[in-house]
Amino acid sequence: MAAPEPERHFMFSVGGGTSFPIADAGGRFKTGGGFQLGAGFQFQQRLGVLAEYLYTAYDVESDVLDVANVEGDHSMQAGSINAVVNLLPKSPIGIYLIGGPGLYYRRVAVSQLAGVAAVPYCDPWLYYCSTQVVPVEEILGARSSTDFGLNAGAGITLSIVGDLRLYVEGRYHYIFGPEFTDAGGTSRRADGQYVPVMFGLRY
């Protein structure tokens, strides 16, 4: 009997969820959230390659900026190329491993409440007009860095129809950050470590 042909097809994924900064990043940023998009090709039942875009955002911990009316936020964008290994390709409940290299863009902005402004608002379809007072923020400083990193993780899938599946996965991202000298003259690296947990659809 001839061996069955490997199943080859294009792959895509879309999902969102929670992201946990850990290690040094965990002491500075709160738990955040974001989304990821992926597209690639499955060469055979057990092996594929997926290119992904990841976006996550976080607030700075309140005790890091211990100054009145000053707050910060942090965002991360990443593009990566990942190998996907399906351990149970024909099972309704699947398990896969995923990982690979990527480029990570991280930005941190510090802002201050600069006052308030009166903004007119009027919507005739809601029969409502008023002047609202809203806070105005001023960005005090922003820094960004683009660095190389690696990620690895695992996921579980549940078959919906055909090759379309629900998935949940957890992944560990390590970013090799730039070197800098702190106020005490000590040389340090701004490495980053994050663990996003994502839910979504895979094909």
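Each residue was assigned an accessible area with a 1.4 Å probe, and for residue 14 the value is about 60 Å². Of 59, 191, the order by accessible heavy-atom surface (1.4 Å probe, DNA, RNA and ligands excluded), from most exposed downward, is 59, 191.
Assign unit charges at the C-beta atoms only (+1 for Lys and Arg, -1 for Asp and Glu), then state the dipole size of region 13-113 relative to its Cα centre in Debye, rounded to the nearest 20.
Here the size comes out at about 620 debye.
If you take the beta carbon distance between residue 145 and residue 8 as r and set R0 to 30 Å, what does 1/(1 + (r/R0)^6) give as a FRET efficiency, to the nearest 0.05?
The formula returns an efficiency of 0.20 here.
Cβ-Cβ distance of residue 95 and residue 203, R₀ of 25 Å, FRET efficiency by 1/(1 + (r/R0)^6): the value works out to about 0.90. With R₀ fixed at 30 Å, the C-beta to C-beta distance from residue 103 to residue 161 puts the FRET efficiency at about 0.30.
The values are calculated or read from the model by the stated rules, or taken from the named source; none is laboratory data. Keep in mind that this is a model prediction, so the values were computed, not measured. A quick note on method: Cβ atoms are made from the backbone with ideal geometry, for glycine too, and the neighbour counts reach across all protein chains shown. What goes into the accessible areas is simple: the full protein's heavy atoms, side chains included, and nothing from ligands, DNA or RNA. Shrake-Rupley method; radii C 1.70, N 1.55, O 1.52, S 1.80 Å.
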